[in-house]
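Q: Before I ask anything, here is the structure I am working with.
The values are calculated or read from the model by the stated rules, or taken from the named source; none is laboratory data. Just so you know, these numbers come straight off a predicted model, no measurement behind them. Here the Cβ positions follow ideal geometry from the backbone for every residue, glycine too, while neighbour counts run over all protein chains shown. Side chains are part of the model used for accessible areas, which takes the heavy atoms of the whole protein and leaves out ligands, DNA and RNA. Shrake-Rupley method; radii C 1.70, N 1.55, O 1.52, S 1.80 Å.
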Amino acid sequence: MAEMRKVAIVGSARIPFQRAYTGYAEVGNLEMLGAALGGLADRFGLRGQPVGEVVAGAVLNHSRDFNLAREAALDAGLSPRTPGSNLQIACGTSLQAALMLGAKIATGEIDSGIAAGSDSVSDSPVVLGEKLQHRMIDLSRARTTGERLKAFKGVSLGELKPLAPSTSEPRTGLSMGQHCELMAREWEIAREDQDRLALKSHQSAARAYDEGFHDDLVVPFAGVLRDNNVRPDTSLEKMATMKPAFDKASGKGTLTAANSTPLTDGAAAVLLASEDWARARGLPVLAYLRMGQVAANDFAGGDGLLMAPTIAVSELLRRANLGFADIDLFEIHEAFAAQVLSTLKAWKDPAYSRDVLGRDAPLGEIDADRINVKGSSLAYGHPFAATGARILGLTAKLLGSQDKQRALISVCTAGGMGVAALVERAG
């Protein structure tokens, strides 16, 4: 059997992230994903060139976008010989895509691949009720006027009401924010601590923009040049005025619009390759995607919905024979400030480490100055399927530009799952 190859992270591109119903109100997933892939193609000379595979997806997806990855690859100007595969694992979509492509590159099945994701809340699919849906199907099959009239016989006004888009968990009926409120209570996460973490994310992201860190990561799209959720002028005093967003009745709610990610539109992509493929084209190797781990928990049975990354990270580090002391940078997706703080607290907790992670001792505490040093989703926003690619691209650049050896990525997802990845510096 051939020796496993290293998986190089060559670089990334994303369009600016926009709060829902603002900058990208008139575009959808295909246009956004095509723009992100096009930016990547322009940056690395891929126009007209074949890539081993594009794996991409969206969480909020229209039926018309059934072939999203393939169509976006063609729109981006990649060679028609580039296959596209669709994938969806909620907020972990594009990071999982990178892990799948990395496995193919490592084993020699392909030499290059693009992991990507796109999501548009502004263009969410509107779903018809079951009765009206069946009527529309009957109408599409009708051949005569009588059959068309029969399709709508006895229709009521109530049937015409569409089902509103929802991100509530099917097994619990609770939204992600409501689940995170339960986590905040279980782990005793204070509102003030959540606001402080959110403020730090905004300040770090604003500083990264001012320093020019994003100049070669973000490509203009639809007249937009930068993310519109980063708030350099926010403060703890402003955040303290926000009312609870998910628990409005008990008087105990701590999650607000200020310490939760906003609904966001955007797309991002990352180019992976074998070292030989990259060097033959004169392309950089910023870092290596060493390994990943996906995990799940029994959230419907009482486990925290967004706590599965604690398991994924624990298992990944066990396989790598590493501990927190061996990691220089931590990129923890900020779905909610309370989710990040709950995760950090769980890794320090002896009982949780023993009963859930199967460890004799806790993984330990992480220095705050090693976590999300350029800000994260609370500041940039969170287009569900695009977030993993954004984080992976940012992480690779960080390792390539700083004297750091390893970075750990942790992404929580709907459905009680988590995706983790270990990234190592090149050279």
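Q: So THR261 ticks every box in (1) under 17 Å from the mean Cα position of the chain (by Cα); (2) farther than 25 Å from PHE221 by Cβ but one. Which box is left unticked?
A: (2)
Q: Being under 27 Å from SER120 (Cβ atoms), open to solvent by less than 30 Å² (accessible area, probe 1.4 Å) and hydrophobic (A, V, I, L, M, F, W, C): is that true of ALA257 here?
A: So ALA257 does not fit the description; no.
Q: Restricting attention to the range 173-197, and to residues there that are of a type in the set (A, V, I, L, M, F, W, C) and part of a loop (DSSP other than H, G, I, E, B), which single residue is most open to solvent (accessible area, probe 1.4 Å)?
A: The qualifying residue most open to solvent (accessible area, probe 1.4 Å) is LEU174.
Q: So which residues in the range 374-427 are outside any strand (DSSP E or B), in contact with a Cys (Cβ under 7 Å, 6 or more places away or on another chain) and open to solvent by less than 10 Å² (accessible area, probe 1.4 Å), if there are any at all? Let's see the steps before the verdict.
A: Our first condition is that a residue be outside any strand (DSSP E or B); within the range 374-427, this holds for 374-381, 383-405, 414-416, 426-427.
Still in the running and in contact with a Cys (Cβ under 7 Å, 6 or more places away or on another chain): 384, 387, 414.
Residue satisfying the conditions is THR387 alone.
Q: Give me the pairs, please: first residue somewhere in the range 277-298 and in contact (Cβ under 8 Å) with a residue 60 or more places away in the chain, second residue anywhere and open to solvent by 60 Å² or more (accessible area, probe 1.4 Å), beta-carbon distance under 7 Å, and either six or more positions apart or on two chains.
A: TRP277/ASP111; ALA287/ARG425; TYR288/LYS6; MET291/ARG319; GLN293/GLU315; ALA295/GLU315; ASN297/ASP303
Q: Is there a residue in the range 102-123 that is among the β-branched types (Val, Ile, Thr) and within 21 Å of the chain's Cα centre (by Cα)?
A: yes
Q: Restricting to the range 81-137, name every residue that is among the acidic types (Asp, Glu) and more than 30 Å from LYS153 (Cβ to Cβ).
A: In the first step, residues of the range 81-137 are kept if they are among the acidic types (Asp, Glu); the result is 109, 111, 119, 123, 130.
Matches in the range 81-137: GLU109, ASP111, ASP119, ASP123.
Q: For the range 290-329, enumerate the residues that are touching a Gly at 6+ places or on another chain (Cβ under 9 Å), in a loop (DSSP other than H, G, I, E, B) and more than 23 Å from ARG425 (Cα to Cα).
A: Across the range 290-329, the qualifying residues are ASN297, ASP298, ASP303, GLY304, LEU305, LEU306, MET307.
Q: Quick check on ALA278: is it among the hydrophobic types (A, V, I, L, M, F, W, C), open to solvent by less than 60 Å² (accessible area, probe 1.4 Å) and part of a strand (DSSP E or B)?
A: Numbers: among the hydrophobic types (A, V, I, L, M, F, W, C): yes; open to solvent by less than 60 Å² (accessible area, probe 1.4 Å): yes; part of a strand (DSSP E or B): no.
Taking the combined requirement at face value, the residue does not satisfy it.
Q: Another question, if that's okay. For the range 198-239, give me each residue that is of a type in the set (Asp, Glu) and crowded, with 17+ Cβ neighbours inside 10 Å.
A: The one that is of a type in the set (Asp, Glu) and crowded, with 17+ Cβ neighbours inside 10 Å: ASP227.
Q: Need pairs with beta-carbon distance below 7 Å; first residue closer than 22 Å to PRO162 by Cβ and touching a residue at least 12 places away in the same chain (Cβ under 8 Å) and within the range 129-147, second basic (Lys, Arg) and part of a helix (DSSP H, G or I); sequence gap 6+ or separate chains.
A: LEU139/ARG148
Q: Being among the aliphatic types (A, V, I, L, M), in a loop (DSSP other than H, G, I, E, B) and either under 29 Å from TRP187 (Cβ atoms) or touching a Lys or Arg at 6+ places or on another chain (Cβ under 8 Å) (or both) is true for just one of ALA267, ALA258. Which residue is that? Before the answer, list the steps.
A: On the way: ALA267 fails: in a loop (DSSP other than H, G, I, E, B).
When all the criteria are applied, what remains is ALA258.
Q: Which residue pairs have Cβ atoms under 9 Å apart, sit 6 or more places apart or on different chains, and have a first residue in the range 311-324 that is within 14 Å of MET417 (Cβ to Cβ) and a second that is assigned to a helix (DSSP H, G or I) and modelled with pLDDT of 95 or more?
A: Taking only residues 6 or more apart or on different chains, the pairs are VAL313/THR343; VAL313/TRP347.
Q: Given the condition out of contact with any strand residue (DSSP E or B) (no Cβ under 6 Å at 6 or more places or on another chain) and either at pLDDT below 95 or surrounded by 24 or more Cβ atoms within 10 Å (Cβ to Cβ) (or both), answer yes or no: does some residue in the range 68-77 qualify?
A: Yes, the range 68-77 has at least one match.
Q: Which ones in the range 245-254 are more than 24 Å from the chain's Cα centre (by Cα) and either charged (D, E, K, R) or surrounded by 19 or more Cβ atoms within 10 Å (Cβ to Cβ) (or both)?
A: ASP247, LYS248, LYS252, GLY253
Q: Could you check the range 58-80 and list, in sequence order, the residues that are in a loop (DSSP other than H, G, I, E, B) and out of contact with any helix residue (DSSP H, G or I) (no Cβ under 8 Å at 6 or more places or on another chain)?
A: Those that are in a loop (DSSP other than H, G, I, E, B) and out of contact with any helix residue (DSSP H, G or I) (no Cβ under 8 Å at 6 or more places or on another chain): PHE66, ASN67, SER79.
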